[in-house]
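Below is one structure, written out as structure tokens; the observations come after it.
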Amino acid sequence: MELQRKQSKQEDEQMCDLPEPIIHKILFLLNTKDAARTSVLSKTWQRAWTSFPRISFEELDFKAGDIEQPNYYPKTNKAIKMKKESFMAYIDKNLQSFLEHNSNVEEFTLNLTYHDKEFVLPRVVKWLTFATERKVKVLSLCLSIIDFIDEHKLLGKQVYYSLPQVVLEAKTISELQLSHCKLEPCNEFKFCHLKTLNLDDVHLDEQVILNLTLSCPLIEDFRLNNCQGFEHLNVSLPRLNLFHIVANTKVLRIEIDAPSLQTFHYWNRYSHGLENEHCDIYLEACKNLKRLYFHNIMAVDLLENISSKFPTLEVLKISEWKMTDIEISCQTLRVLTLENCRDLEVVEVDTPNLVSLHCRMNKLPFYSFDAPSLQEVELKFYLRSCSNLWFDDLKKLVGKFKNSEGLNLVIHSKCYGILLDGLNERVLSWLIDLTELRPTIAVSSMSLSSLVERFLLDSHVETLSILSSSSKLLEVLNEKLINRLFKSRCLHDSLSGVKVENLDREEDLEFSKWIALAKSHETMDYKITSFKLEWM
């Protein structure tokens, strides 16, 4: 026992005397509240904390994310206010400590929700002044101010405050993330070293965007998420590598002049009718584009002569396409994804170098499909009242894959799932008998082991049967499930229990059909193992 105490004491002393760079690496793994607590371990840890170059104040870490509301009991609002004030007092105290040690700050994050603009803004300006005076390089500001105009309203209205001048003049900032504020046309931006700009729910007009691009020529990563105040977007940046826009207001025209652009992502969240969905997009000046993502738009013109427009294009992802037909002819394309394109009836594909195909729809609209280099396939669809012709189309598409028997099959309803190792024409012919069960079906070239994990992340079924011609593979999967050896931490935490299931037990009529379905394969040189899954 004495020896154990000595060893423990020695370990504590070694921990307390770690070099400062090592301590900083440990602090990077902790939230601000926990990182601050380490300062009591020793003088070494206290010095390391006060010289730590990253400061992050997240109200959720302090359980101070709620906001006072008119319909709350006075006692509840008082408790919320006390937590808010305690959180802000904590910020003042820690910044004072940094001020005394005159440390520079590389990263500064502030996340705060408040309803009294006149009370909170002066304090925020003081904190931001502290950060900019210490040559902050990475600044993230999420200040959400809520205004309750009507005292009887349960929800308040978002107030867009003008970004403080002290931020606009911060020349050292290389990465800037802003939320819920307003940028004015009169603002003079001095971000001469800015490379990454992420604006989330920010109000800015076309003149502000022009001023930004003229003042910040080094921007490489530019993201506009749910921003408003403009209908036309004109961006000219020589070093821009990634442009990402999620629009929840009408955008009529986007023109990008960026010879270094490699990734363009446009997601239209605004449109509700065909008359609102069209947006003219001009990317002809982006000759080095490699990745193109569209969500919920009509951009048929952009895909015409796509090979000549984008001679280096490798990845194309289209979601919720609003047209009935599409032609994709591209010599350099390697990855193609089509998702939730309900209106799509005809797809023509001419992609000699396509390696990976992902198709998640209720139909198989491929009129012609030329992709001789295809190696990876993922098809997902909902089986309803499909005809024999539909299954013939599926067979033809699967036949385009060089090794169709290397494909795996997932069949599942809300509560029951079957994963089948290997796909052949006999199995495809048999699928038409499943229409009455109305299942979801996925055909994938992913290994069965990886497919198990992907499937469980997407579908929390109660019973899972795995059918395989390899008993060794079943043993591996059995151990993976029972011991929950998943790569995904989320899956490991959400799946609370797994046990081998007995398929002979009495169940309802629908379940018995699934059991019969699983057992019908057991006679075809397939071994079957079933599991009962319990979810958090």
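The values are calculated or read from the model by the stated rules, or taken from the named source; none is laboratory data. In this text, all values refer to a predicted model and were calculated from it rather than measured experimentally. Every residue, glycine among them, receives a Cβ derived from its backbone with ideal geometry; neighbour counts consider all protein chains shown. The accessibility values were calculated without ligands, DNA or RNA, using every heavy atom of the protein model including side chains. Shrake-Rupley method; radii C 1.70, N 1.55, O 1.52, S 1.80 Å.
Here are a few things to note about the model shown:
- Computed from phi, the 3J(HN,Hα) profile of region 354-364 under the Karplus parametrisation 6.51, -1.76, 1.60 (θ = phi - 60°) reads 5, 9, 10, 10, 10, 9, 10, 8, 8, 9, 10 Hz, with x in place of Gly and Pro.
- The alpha-carbon of LYS532 sits under 18 angstrom from the alpha-carbons of these lysines, leaving out residues fewer than 8 places away in its chain: LYS414, LYS480, LYS499, LYS513, LYS519.
- Extent along principal axes [Cα atoms of region 176-228; Å; largest to smallest]: 23, 22, 14
- Average projected area [Cα convex hull, region 307-356], square nanometres: 3.3 nm²
- Here the mean projected area of the convex hull built on the C-alpha positions of region 395-451 is 4.0 nm².
- Annotation: amide H-H contacts under 5 Å for SER319 (H modelled 1.01 Å from N, sequence separation of 5 or more, or interchain): PHE294, HIS295, ASN296, GLU339.
- Extension reserve of the SER494-LYS75 stretch, reckoned as 0.36 nm per residue once the Cα distance is removed: 147.3 nm
- Cα-Cα separations in region 265-386 greater than 17 Å, expressed as whole percent: 56 percent
- Shape of region 49-139, Cα gyration tensor, a/c cut at 1.5: prolate
- Average accessible surface area per residue within region 307-440, 1.4 Å rolling probe, Å²: 45 Å²
- Estimated D of region 312-466 in µm² per second, where Rh is the Kirkwood radius over Cα pairs and Stokes-Einstein applies at 20 °C, 1.002 mPa s: 134 µm²/s
- FRET efficiency, 1/(1 + (r/R0)^6) with R0 60 Å, evaluated for ASP92 and ASP392 via beta carbons: 0.25
- Overall shape: oblate for region 206-339, with the ratio a/c of the largest to smallest alpha carbon gyration tensor axis at 1.5 or above and b/c at least equal to a/b.
- Modelled FRET efficiency - R0 30 Å, CYS415 with LYS309, Cβ distances, 0.05 increments: 0.05
- Within straight-line cross-link reach of LYS157, lysines at Cα separation under 29 Å, skipping those fewer than 8 residues along the same chain: LYS63, LYS75, LYS78, LYS81, LYS83, LYS84, LYS117, LYS126, LYS182, LYS250
- The modelled label-to-label distance between GLN331 and GLU188, using points 7 Å beyond Cα along the C-beta direction, is 5.1 nm.
- Percentage relative contact order, region 190-261, counting C-alpha pairs under 8 Å, at least six apart: 31 percent
- Looking at region 416-517, the pairs of alpha carbons with a distance over 18 Å make up 52% of the total.
- Here each label is just a point 7 Å from Cα along the line to Cβ, and for THR324 and GLU100 those points are 7.5 nm apart.
- Distance cut-off 21 Å, percentage of C-alpha pairs in region 93-222 lying past it: 42 percent
- In sequence order, region 459-464 has phi-based couplings of 9, 8, 6, 8, 10, 10 Hz under the Karplus curve 6.51 cos²θ - 1.76 cosθ + 1.60, θ = phi - 60°, and Gly or Pro positions carry x.
- Environment charge of LEU491, counting only residues whose C-beta is closer than 15 Å and scoring Lys/Arg +1, Asp/Glu -1: +1
- Estimated from the Cβ-Cβ distance and a Förster radius of 51 angstrom, the FRET efficiency linking SER449 and ARG123 is about 0.45.
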